[in-house]
Amino acid sequence: MSTRATTAIPRPLPRDARSMPPAHGFTLYEEAMQQLEVASPSWLRALRAHALEAFRRMGFPTARVEDWKYTDVSPIAREPFSLPPPPSPDLLAETSRDRFGINASATLRFLLGQATHEGVQGCELPNTVRVHPLRVALTAEEALVRRSLGSSIASDEAPFAALNTALVQDGGFVHVPAGTRVAAPIQLLFVNTTVARPTILCPRNLIVLEDGAAATVVEFWAGHSPVAVFTNAVTEIVLGRGATLTHLRIVEERDGLMHMGTTAVRQAADSVYRSRVFTFGGRWARVEIQTRLEDAGAATYLDGLFIADGPTLVDHHTAIDHVSGRTTSRQLYKGVLDGSAHGVFNGKVFVRPGALKSDAQQMNKNLLLSDDAEIDTKPQLEIFADDVKCSHGAAIGRLDESALFYLQSRGIAAEDARRLLIYAFANEIVERVELEPARATLQGILRRRLAAAPEENAA
């Protein structure tokens, strides 16, 4: 395990040290893109072609890239992935139940990255709010999609985002017009299931809140498959002046599922972005959040919890860019690692020249429950302005023996005392979820995982 903090900007390395091609070459991805071109508008075909060329130039990152130093992508690079088949009727039931039981204003359901219906379900939206599968929005909201898609993330600099753009097929589209406040949450439910061969999914979510708009969006990713399924998801968010978005993202995937989730946010003046990220297990998972505070008064609040055991990797990267002064950011991420799990947290805060009065705080806390568990934590500040208030920190530890002794002295069994302390550590993040049904569901997931932990570890 390690903890590191730096303000240095890494020096670029030669391309051959920084990237590797897929083990099977780029042909499979080129053929997959061609399958999607038949019904695509010309502007999307051009965007895909540019993105695939960028991915071909970059390849997959290696450990020589600073941001990927602790994250091995070879499980992804070596698989001969193909696109998923159309969902069959007998599999559509996989998405039928509401994972949260929340009273959503609208729900979009996806199976293997593809919407199961052309429209939303349980729709109680204001008439002016638009929620569609992306494949529908490409036609129904073409002007807005064309203007916004790719505006928040630079695919030329991010290989996984480039691959997503090249193979984008479907996803969620949410547009809340100026001054509109959506009271009940909007839910995007993604379910994966067993496939016959290694499969790549590239869902793209696009969320646009105009000036003064407010909404809550819940992304839930679930499923299992013994055969490799790689979800390479991108969520782009554009917030207008004074807009407020609460964004809840839960990843609960098992077995051979691998997950790369990128969220890119662009914030105008006085906008507020609240992110709550929860990652539970999976074979390989990395979640990135990039936010740009472009104007004064913008604020971003990032909270995260990751829990893993067994031979798994769970990686979280955040990058908050204070482009303008008088902007605020807060981060608190917690990790609980058991067995031979490997966790990574890399949090960056950039304060640009002239971004005076920026206020940033960042903290990562980690709990290691076994001798084989490992955490690499690297909080970073890169400050190029004076008159700012910035701080960061990281902590790594084990369960408090004195607290364990105290609970046992009060008649609580040793294993129950252990579970109580782990639950209390993790529940601090869960308690920050404003949506009560989601909070209750997350607490249930915590209890189930803690109850199963001793048996799983013994196995």
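The values are calculated or read from the model by the stated rules, or taken from the named source; none is laboratory data. Quick caveat: nothing in here was measured; it's all calculated off a predicted structure. Backbone-built Cβ (ideal geometry, glycine too); neighbour counts: all protein chains shown. In case anyone asks, the SASA skips ligands and DNA or RNA and just uses the protein heavy atoms, side chains included. Shrake-Rupley method; radii C 1.70, N 1.55, O 1.52, S 1.80 Å.
Computed quantities for the displayed model
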item	result
The chain: Rg to Rh, with Rh as the Kirkwood radius over Cα pairs	0.95
His50, His317, ranked by accessible area, largest first (probe 1.4 Å)	His50, His317
Unsatisfied cross-links (Cα-Cα over 19 Å) in the set Lys348/Lys378; Lys69/Lys389; Lys334/Lys378; Lys357/Lys378; Lys365/Lys389	Lys69/Lys389; Lys357/Lys378; Lys365/Lys389
Accessible area of Arg48 in the full protein assembly, 1.4 Å probe (Å², nearest 10)	10 Å²
Kyte-Doolittle mean at least 0.0 and Cα axial length at least 20 Å: DSSP H helices in the chain	414-430
For region 129-140, Karplus couplings with θ = phi - 60° (6.51, -1.76, 1.60), whole Hz, Gly/Pro x	7, 10, 10, 9, x, 4, 5, 7, 5, 4, 9, 5
Ala140-Tyr423 pseudo-label distance in nm [points 7 Å out on the Cα-to-Cβ vector]	4.3 nm
Accessible area in the full protein assembly, largest first, 1.4 Å probe, for Lys378, Lys69	Lys69, Lys378
Listed residues Phe55, Phe26 arranged by accessible area, highest first, probe 1.4 Å	Phe26, Phe55
Cα-Cα separations in region 307-367 greater than 17 Å, expressed as whole percent	49 percent
Simple Cβ-charge dipole of the chain, Lys/Arg +1 and Asp/Glu -1, about Cα centre, in debye nearest 20	500 debye
Of Pro133, Ala106, Ser148, farthest towards positive along the dipole that unit charges on Lys, Arg, Asp, Glu beta carbons give region 105-148	Ser148
The chain: antiparallel DSSP beta bridges as a percent of all, rounded to 5	5 percent
For Met20, solvent-accessible area (1.4 Å; no DNA, RNA or ligand), Å²	50 Å²
Given charges at Cβ of Lys, Arg, Asp, Glu: the chain dipole, positive-most of Ala299, Leu206, Met58	Ala299
Per-residue HN-Hα couplings for region 177-193 [Karplus 6.51, -1.76, 1.60; θ = phi - 60°; Hz; x = Gly/Pro]	x, 4, x, 8, 10, 9, 6, 8, x, 9, 10, 10, 10, 10, 10, 10, 9
Extension gain (nm, one decimal) between Arg57 and Gln121, 0.36 nm per residue minus Cα-Cα	18.9 nm
Extended-chain gain in nm, criterion 0.36 nm per residue less alpha-carbon gap, Arg448 and Asp211	81.2 nm
Whole-number percent relative contact order across the chain, with pairs defined as alpha carbons under 8 Å at least 6 apart	11 percent
Cα shape, region 170-320, gyration tensor, a/c 1.5 rule	prolate
Built amide H within the under 5 Å cut-off of Gly347, gap 5+	Thr318, Lys378, Gln380
Residue-span extension gain [Ala385 to Thr194] - 0.36 nm each, minus C-alpha spacing	63.7 nm
Phi-based couplings in Hz for region 383-392 (Karplus 6.51, -1.76, 1.60; Gly and Pro marked x)	10, 10, 9, 8, 6, 10, 10, 9, 8, 8
Cβ-derived FRET efficiency at R0 25 Å, Phe405 paired with Glu434, nearest 0.05	0.10
Region 320-456 - percent relative contact order, Cα under 8 Å, separation 6 or more	22 percent
Rounded to the nearest 10 Å², the accessible area of Ser340 at probe 1.4 Å	60 Å²
Given charges at Cβ of Lys, Arg, Asp, Glu: the chain dipole, positive-most of Gly223, Leu239, Ser370	Leu239
Using a Förster distance of 30 Å, the FRET efficiency for Ala39-Asp156 (Cβ separation, nearest 0.05)	0.70
